[in-house]
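Only one structure is covered here, and it is reproduced in the block below.
Please treat every number below as a calculation from the coordinates, not as lab data. What you see is a predicted model; the values in this text were computed from it and never measured. Cβ coordinates were reconstructed from backbone atoms using ideal geometry, including for glycine residues, and neighbour counts include every protein chain displayed.
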Amino acid sequence: MKWEGERQSDNVEDRRGGGGGFGIGGRGIGIGTIAIALLAWGVFGINPLTTIGVLSGGGGSPQIVQQGPSKAPPADDRNAAFVSTVLASTEDVWGQIFQQGGARYQQPRLVLFRGATPTACGTGQSAMGPFYCPGDQKVYLDMNFFDTMTRQLGAPGEFARAYVVAHEVGHHVQNLLGVTGKVDSMRGRISETQQNQLSVRLELQADCYAGIWANRSQQAKQWLDADDIESAVNAAQQIGDDTLQKRGQGYAVPDSFTHGSSAQRVRWFMQGYKSGSMKACDTFNAQGL
């Protein structure tokens, strides 16, 4: 992925001043146990209210968090420069798409943190993996997750990391379009299995939106090659619910899926990548996923 020298986004906050592990229920959890936590909680959560609430011991109700002045990442931080460049590209792509639809794209902010950080959805923690909080329209990322992807999840490569960022930005797009709110409004009104099924469709649509970004950014920059797409496809395969469950407990329970199987995640990412079209990403009306 030829990203050096491309525009970097100004919408990146660096909160990595703290350090080390963090406590959950009186027990310390360090970076080495992130993969185990991911198997339990999933990788890309777009409904952090419940998950963060459980992790932090609270009820998960949204809270407005007062933050000090935001700080930009150091200029010599290569990993931060990379995610800033990817975020800038998503801004360009979605800004153009929204403009073509007669709307203005509201850019999200991306927060880099280490261990734990306050969010409008509660306390965000590294064990959740990257996530998007609708309450403050921010993507939260502990970049140690990239090491986890490579060493423990078998998903190396820069474009695999770009896919992570683009997926979370896809959840921001869903939030702007009102899709996230509609899905969340069904919570408590339908069964857990039905809620899981809606969550799968939401996640697969975010995968498809990540594919749209890959398509449009490639058209604009020609910065990808075949190995990059293979890297993203491999990442999608490694984080499918069936793959994670089999790795963690030896078998898969489809009714408990919240993000989709490996095959589904690959299919919908590629659907977005091949089409570059929002209409191709209507997972909610798709007969088969």
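With a Förster radius of 41 Å applied to the beta-carbon distance between Asn285 and Arg151, the computed FRET efficiency rounds to 0.60. The alpha carbon gyration tensor of segment 184-289 gives principal lengths a ≥ b ≥ c with a/c of 1.5 or higher and a/b no greater than b/c, which makes the shape oblate. Of the cross-linked pairs Lys182/Lys274; Lys182/Lys279; Lys2/Lys274; Lys138/Lys279, which ones have a Cα-Cα span greater than 23 Å in the structure shown? The pairs that break the limit, which is 23 Å between Cα atoms, are Lys182/Lys274; Lys138/Lys279. With neighbours defined as other Cβ atoms within 10 Å of a residue's Cβ, the residues Val233, Val86 order from fewest to most as Val233, Val86.
Calculated on the Cα set of segment 111-260, radius of gyration then Dmax: 15.7, 46 Å.
Residues Val173, Val253, ranked from the fewest to the most other C-beta atoms within 10 Å, line up as Val253, Val173. For Lys274 and Lys246, the difference between the fully extended length at 0.36 nm per residue and the C-alpha to C-alpha distance is 7.1 nm.
Divided by 2.2 N^0.38 Å, where N counts the residues, the Cα radius of gyration of segment 164-229 comes to 1.36.
Residues Arg151, Arg15, Arg247, ranked from the fewest to the most other C-beta atoms within 10 Å, line up as Arg151, Arg247, Arg15. Extending 7 Å from Cα along the Cβ direction at Asp77 and again at Asp255 yields two label points whose distance is 4.5 nm.
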